[in-house]
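Heads up: the structure comes next, in structure tokens.
The values are calculated or read from the model by the stated rules, or taken from the named source; none is laboratory data. Model, not experiment: these values are computed from the prediction. A quick note on method: Cβ atoms are made from the backbone with ideal geometry, for glycine too, and the neighbour counts reach across all protein chains shown.
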């Protein structure tokens, strides 16, 4: 188990999942997230935004955070507040603050736009708040989406 994944617990307002750093594990995380958000009666527009930012973040971690081919655990924790749902993703990959990265230039023509490299921009657009910190060798990405009451 990764040194960044420990003490995960859940309650009526918090739930956690650990997934491996494999692309095939992301489908499981997506289904878990959707089922949990439906059970929390989160509105469809907020569910869409949360699914999108979680998928973009997890995909970037799986594709870019690890230099080795070893199995690493990634912890995903959702917290439901009265006005928002927050996702914290913790991994032991290379240090990378996605919000310090330079923004990509907007594309004028989608037909000729390069594939890839737009995930951080999507996260910034769809998450109402986002932050990153690195502590004790672990990346913490915290994304929050407001939910209508």
> Out of all the residues in the range 112-138, which are modelled with pLDDT of 60 or more and in a helix (DSSP H, G or I)?
Replying inline: 119, 120, 121, 122, 123, 124, 125, 126
> In the range 77-96, what count of residues is obtained for those that are touching a strand residue (DSSP E or B) at 6+ places or on another chain (Cβ under 7 Å), in a loop (DSSP other than H, G, I, E, B) and within 23 Å of residue 47 (Cα to Cα)?
Replying inline: 1
